[in-house]
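Notes to accompany the following structure.
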Amino acid sequence: MARYTGAVCRQCRREGMKLYLKGDRCYSDKCAVVVKNYAPGQHGQGRKKVSEYGTQLREKQKVRRMYGILEKQFHNYFEKAERQKGVTGENLLRLLELRLDNVVYRLGLASSRVDARQLVRHGHFTVDGHKVNIPSCLVRIGQVIAVNEKSKKSPKFEEIAASMVHRNAPQWLEQDKESLSGKVTALPVREDMDQNINEQLIVELYSR
């Protein structure tokens, strides 16, 4: 399946919650979930009885869309999480959080994960001083993520620098707003991750 290229607001409406796919718009009154708080399509406002499998599937789709990952890649993350020590669901979310595009978003260096992915692909970021253009690259404790020097002068990053003043990173990241950089100081724990996710449903789905 190819990457979704339609209206991303439909994805938020389908999941019945904000997935924060459009940056600042998601925090405004123009957010599609606020304007039309029901699923898209002609049957979107109808009542539907959801099975146990349907509930599990919706949870998996919600997390996939939140992080912008295709099915095969998401399943690979699950298999990797299953092989690790600890709770599989938490391991899965931790792997997703440690993706470079997500770290860039969490540091406030992009307005959304979609924006972060595009900026990473265009080579605007470095990891420990080396340019990295792979959004799925997993960062490690102690690594420094920064905007490269040439990119800092662009209008895009001047705008990001201004908005970054009002955005704080989670506890597992150290944010340097002046130099437009950040450092991974610890592995994210469950309390640092999205509380609207029920990862156990995803584990149950893949364990069928």
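Expressed as a fraction of 2.2 N^0.38 Å, the value expected for a compact globular protein of N residues, the C-alpha radius of gyration of region 37-155 is 1.29. Selection among Gln195, Ser163, Pro135 by position relative to the dipole of region 95-208 gives Pro135 as farthest towards the positive end (Cβ unit charges, Cα centre). Near Leu100, once Lys and Arg are set to +1 and Asp and Glu to -1 for all other residues with Cβ below 14 Å from its Cβ, the sum equals +4. Using 0.36 nm per residue and subtracting the Cα-Cα separation, the extra length available between Lys156 and Arg121 on full extension is 11.1 nm.
Run the numbers on region 68-208 and let me know its relative contact order in percent, using alpha-carbon pairs under 8 Å that are six or more apart. Intermediate values should be presented prior to the final figure.
On the way: 185 pairs, mean separation 32.2, N = 141.
In percent, rounded to a whole number, it is 23.
All C-alpha pair distances within region 109-174, sorted into 5 Å bins from zero, spread as 3, 16, 26, 29, 21, 5, 0 percent across the bins.
Report the extension gain between Asn133 and Val165 in nm, rounded to one decimal, defined as 0.36 nm multiplied by the number of residues separating them, less their alpha carbon distance.
Values: separation 32, 0.36 × 32 = 11.52 nm, distance 2.53 nm.
Extra length available between Asn133 and Val165 comes to 9.0 nm.
Determine the distance separating the Cα centre of region 156-201 from the Cα centre of region 80-103; give it in Å without decimals. Cα centres, region 156-201 to region 80-103: 16 Å. Shown for region 130-198: the carbon plus sulfur share of the solvent-accessible area, taken with all protein chains present and a 1.4 angstrom probe, equals 50%.
State, as an integer percentage, the relative contact order of region 140-208 based on alpha-carbon contacts under 8 Å between residues 6 or more apart. The partial results should precede the final answer.
Working: 55 pairs, mean separation 24.4, N = 69.
Relative contact order, region 140-208: 35 percent.
A full extension of the chain between Ser51 and Asn76 corresponds to an added length of 6.4 nm, given 0.36 nm per residue minus the alpha carbon distance.
The values are calculated or read from the model by the stated rules, or taken from the named source; none is laboratory data. Because the structure is a prediction, the values reported are computed rather than measured. Please note: Cβ atoms are built from the backbone with ideal geometry, for glycine as well, and neighbour counts cover all protein chains shown. What goes into the accessible areas is simple: the full protein's heavy atoms, side chains included, and nothing from ligands, DNA or RNA. Shrake-Rupley method; radii C 1.70, N 1.55, O 1.52, S 1.80 Å.
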